[in-house]
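Notes for the one structure printed next.
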């Protein structure tokens with residue numbers, strides 16, 4: 001049955017949100033050209049945009065890395081930010097969370113989500129559930145709070161902003177029953193990687209997943225948010241949790257008003273949406289069950305989130321994956337020697353060159369963040385250090401994280417191992433990992449090495465994290481620290497020592513791994529309501545750079561013809577009040593024929609722009625030097641770049657052009673090889 005779903009609000013991030021706001025600005029111009037009132041073009045539903053996708057890790061391992069990265073971020077993105085600041089002033093019902101505040105989904109979880117709305121309609125105060133669509137796949141994270149929402153394309157989000165419903169079929173709902181509790185030494189990250197593996201095998205594409213069972217009593221709200229976050233990775237439209245006492249506790253912790261909390265509880269109970277222990281099970285399309293006592297420490301990789309790797313078997317499975325990769329691509333490699341900051345090193349296949357504590361998936365969870373910091377403290381106390389070739393970074397999804405790390409006295413311990421805060425944004429998780437140190441980059445190239453990253457993110461597709469890194473593993477923040485110390489994936493972390501202490505004794509992972517009771521005690525003493533209130537009391541105001549940024553005024557945007565970031569799109573040119581009939585498309589040609597596991601990363605990549613790609617050539621023609629290219633995602637406000645960046649993923653393999661990678665097609669019927677963009681333009 002088809003239904004019209006009208007979400008209560010729309011959530012955006014800057015990569016996908018900028019083109020949506022560009023379209024709204026263009027609509028205002030079109031409205032004026034047709035003799036209408038431009039002021040009528042406004043979001044009808046609350047629309048909130050968090051700037052989080054633009055910070056890159058140019059500097060790392062320094063106290064001032066965050067400030068340096070923010071400075072470069074503003075230099076790169078001044079035009080985009082000025083445009084968004086104009087939109088914040090020019091549109092009603094539209095708010096912008098400025099840069100260097102946090103990651104959209106964590107800010108949504110900790111502050112923006114209402115859970116239940118209260119609004120006056122025709123003089124009557126009405127309550128209704130908080131629901132949303134977002135222009136990002138991981139919008140699903142807020143389902144951990146009992147708020148229904150998922151990611152959509154820009155057109156759907158714009159339609160929702162303008163009051164149009166999203167047309168959808170009533171979904172099948174798969175119940176995921178959780179029993180027991182996580183065993184000592186495991187994390188919510190280990191749990192979600194197992195859930196991803198299980199649900200991929202079960203098949204939940206196009207379906208909702210609802211978590212239920214007595215195991216929910218042993219999951220914190222942050223644990224639930226981790227499970228909800230990775231719904232795109234297990235293939236579901238969303239993975240939702242019920243509202244219950246834990247939801248109310250989190251709303252209080254995160255600084256929501258007592259009036260709002262009382263509304264949420266009263267509404268949820270009245271509507272039968274409030275979970276109580278021992279309630280009868282719901283009828284589902286199908287049910288998947290997991291006893292959480294079966295969870296073991298795990299990673300996932302090297303190129304898909306569903307390819308779970310038990311830590312105890314990680315060395316063998318890494319070597320199998322490496323052998324398969326080298327055979328598939330006919331790669332030959334050899335050991336390379338180098339030197340960095342006065343330290344000599346040897347680099348081999350499997351070297352971990354990026355270790356990043358990143359992503360809303362995990363940095364929203366105090367348990368794994370404090371756990372990582374304790375691993376760092378215990379490792380440093382035993383004299384362990386990070387290998388010199390590892391680029392380390394800490395990119396929290398919220399400033400609350402640094403508040404409680406400082407409160408616990410643990411920030412310094414992370415910094416001793418190079419995990420300094422590099423910014424509050426998506427960073428490594430979306431490929432904004434920045435350049436590798438030159439000696440490391442050279443060694444990888446000279447040896448044709450299959451280097452690795454280990455990150456606490458949610459995606460590890462080929463070419464996503466870094467163009468020079470072939471193998472990428474998802475892991476909990478404590479394991480990220482451990483692999484930074486090990487410096488290689490070619491190690492059995494369970495049975496092989498990470499190093500030796502000052503007395504020459506072997507130090508194993510178990511020697512530096514904190515007990516859950518130790519972590520829980522730190523959560524109780526260091527994570528509090530006051531931190532959330534302090535961080536979010538002026539969240540839309542921004543810091544000095546944002547406030548000093550000049551932006552246009554007026555109801556119409558002042559387009560600049562020479563801009564390569566923000567361009568007036570041609571969609572409304574020649575538009576009249578007379579609507580043409582829809583005509584058939586005939587004689588169309590295939591541009592790309594693709595295999596399985598095609599993701600949004602393949603369709604519309606957000607990463608680096610190659611100078612010899614269609615987008616790179618366009619920018620060079622406009623006088624932009626490669627050093628100033630920024631990223632494909634940051635230039636989506638320019639339709640000329642967005643068109644040329646479509647299907648430009650460096651690992652895309654088009655079956656029309658066998659043996660090629662990177663957005664290559666053939667023109668038909670003559671078979672001339674060319675880029676997908678160039679083929680499309682020739683057909684046009």
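Computed values, structure above
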item	result
Residue match in region 103-124 (condition: in contact (Cβ under 8 Å) with a residue 12 or more places away in the chain, surrounded by fewer than 24 Cβ atoms within 10 Å (Cβ to Cβ) and under 30 Å from residue 560 (Cβ atoms))	no
Some residue of region 272-279 being within 27 Å of residue 151 (Cβ to Cβ) and surrounded by 21 or more Cβ atoms within 10 Å (Cβ to Cβ)	no
Filtered residues of region 397-417 (kept if touching a helix residue (DSSP H, G or I) at 6+ places or on another chain (Cβ under 8 Å) and surrounded by fewer than 22 Cβ atoms within 10 Å (Cβ to Cβ))	399, 402, 403, 407, 408, 410, 411, 416
The listed residue being in contact with a strand residue (DSSP E or B) (Cβ under 7 Å, 6 or more places away or on another chain) and either closer than 23 Å to residue 399 by Cβ or not assigned by TED's automatic domain parsing to the domain that holds residue 230 (or both), out of 539, 481, 533	539
Top-ranked residue of region 137-154 - restricted to ones that are assigned to a helix (DSSP H, G or I) and within 14 Å of the chain's Cα centre (by Cα), ranked as surrounded by the fewest Cβ atoms within 10 Å (Cβ to Cβ)	137
Residue ID - surrounded by the most Cβ atoms within 10 Å (Cβ to Cβ), chosen from residues in region 57-84 that are touching a strand residue (DSSP E or B) at 6+ places or on another chain (Cβ under 8 Å) and at negative phi	84
Residues of region 656-684 satisfying the condition of being in a loop (DSSP other than H, G, I, E, B) and farther than 21 Å from residue 639 by Cα	656, 657, 658, 659, 660, 661, 668, 669, 670, 671
Every residue from region 598-632 that is at positive phi and either in the same structural domain as residue 138 (by TED's automatic domain parsing) or surrounded by 11 or more Cβ atoms within 10 Å (Cβ to Cβ) (or both)	630
Only one of 514, 570, 497 that is closer than 30 Å to residue 620 by Cα, outside the structural domain of residue 74 (by TED's automatic domain parsing) and either in contact (Cβ under 8 Å) with a residue 24 or more places away in the chain or surrounded by 10 or more Cβ atoms within 10 Å (Cβ to Cβ) (or both)	570
The listed residue being over 25 Å from the mean Cα position of the chain (by Cα) and farther than 17 Å from residue 487 by Cα, out of 385, 330, 315	330
Residue within region 335-346 that is surrounded by fewer than 17 Cβ atoms within 10 Å (Cβ to Cβ), outside any strand (DSSP E or B) and either in contact (Cβ under 8 Å) with a residue 40 or more places away in the chain or touching a helix residue (DSSP H, G or I) at 6+ places or on another chain (Cβ under 8 Å) (or both) present	yes
Test: residue 99 is buried (at least 19 other Cβ atoms within 10 Å of the Cβ), in contact (Cβ under 8 Å) with a residue 24 or more places away in the chain and more than 17 Å from the chain's Cα centre (by Cα)	no
Unmet requirement for residue 159, which otherwise passes all of (1) touching a strand residue (DSSP E or B) at 6+ places or on another chain (Cβ under 9 Å); (2) in a helix (DSSP H, G or I); (3) modelled with pLDDT of 95 or more; (4) surrounded by fewer than 21 Cβ atoms within 10 Å (Cβ to Cβ)	(3)
Residue match in region 188-210 (condition: free of Cβ contacts under 8 Å to residues at least 40 places away in the same chain, surrounded by fewer than 17 Cβ atoms within 10 Å (Cβ to Cβ) and on the phi < 0 side of the Ramachandran plot)	yes
Filter result (within 16 Å of residue 611 (Cβ to Cβ) and out of contact with any strand residue (DSSP E or B) (no Cβ under 7 Å at 6 or more places or on another chain)) within region 641-677	641, 644, 645, 648, 650, 662, 677
Pair list, Cβ under 7 Å, 6 or more apart: region 477-494 residue assigned to a strand (DSSP E or B), other residue surrounded by 24 or more Cβ atoms within 10 Å (Cβ to Cβ)	488/351; 488/352
Top-ranked residue in region 217-240 [being assigned to a loop (DSSP other than H, G, I, E, B) and closer than 22 Å to residue 251 by Cα; ranked as nearest to the chain's Cα centre (by Cα)]	230
Flag if residue 435 is in a helix (DSSP H, G or I), over 19 Å from the mean Cα position of the chain (by Cα) and surrounded by fewer than 24 Cβ atoms within 10 Å (Cβ to Cβ)	no
Test: residue 368 is within 24 Å of residue 225 (Cα to Cα), in contact with a helix residue (DSSP H, G or I) (Cβ under 7 Å, 6 or more places away or on another chain) and assigned to a helix (DSSP H, G or I)	yes
One residue from 270, 289, 328, 332 being more than 30 Å from residue 130 (Cβ to Cβ) and either modelled with pLDDT of 95 or more or touching a strand residue (DSSP E or B) at 6+ places or on another chain (Cβ under 6 Å) (or both)	332
Output for region 27-72, where each listed residue is more than 23 Å from residue 631 (Cα to Cα), part of a helix (DSSP H, G or I) and touching a residue at least 40 places away in the same chain (Cβ under 8 Å)	27, 28, 29, 30, 32, 33, 38, 39
Enumeration of residues in region 25-43 that are closer than 20 Å to residue 540 by Cβ and surrounded by fewer than 21 Cβ atoms within 10 Å (Cβ to Cβ)	42
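Conditions (1) exposed (fewer than 15 other Cβ atoms within 10 Å of the Cβ); (2) in contact (Cβ under 8 Å) with a residue 12 or more places away in the chain; (3) within 30 Å of residue 417 (Cβ to Cβ); (4) in contact with a helix residue (DSSP H, G or I) (Cβ under 7 Å, 6 or more places away or on another chain), marked per residue:
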| residue | (1), (2), (3), (4) |
| --- | --- |
| 509 | no, yes, yes, yes |
| 526 | no, yes, yes, yes |
| 540 | yes, yes, no, no |
| 580 | yes, no, no, no |
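The values are calculated or read from the model by the stated rules, or taken from the named source; none is laboratory data. Owing to the predicted nature of the structure, the values given are computational and were not obtained by experimental measurement. Here Cβ is always computed from backbone atoms with ideal geometry, including for glycine, and neighbour counts include all displayed protein chains.
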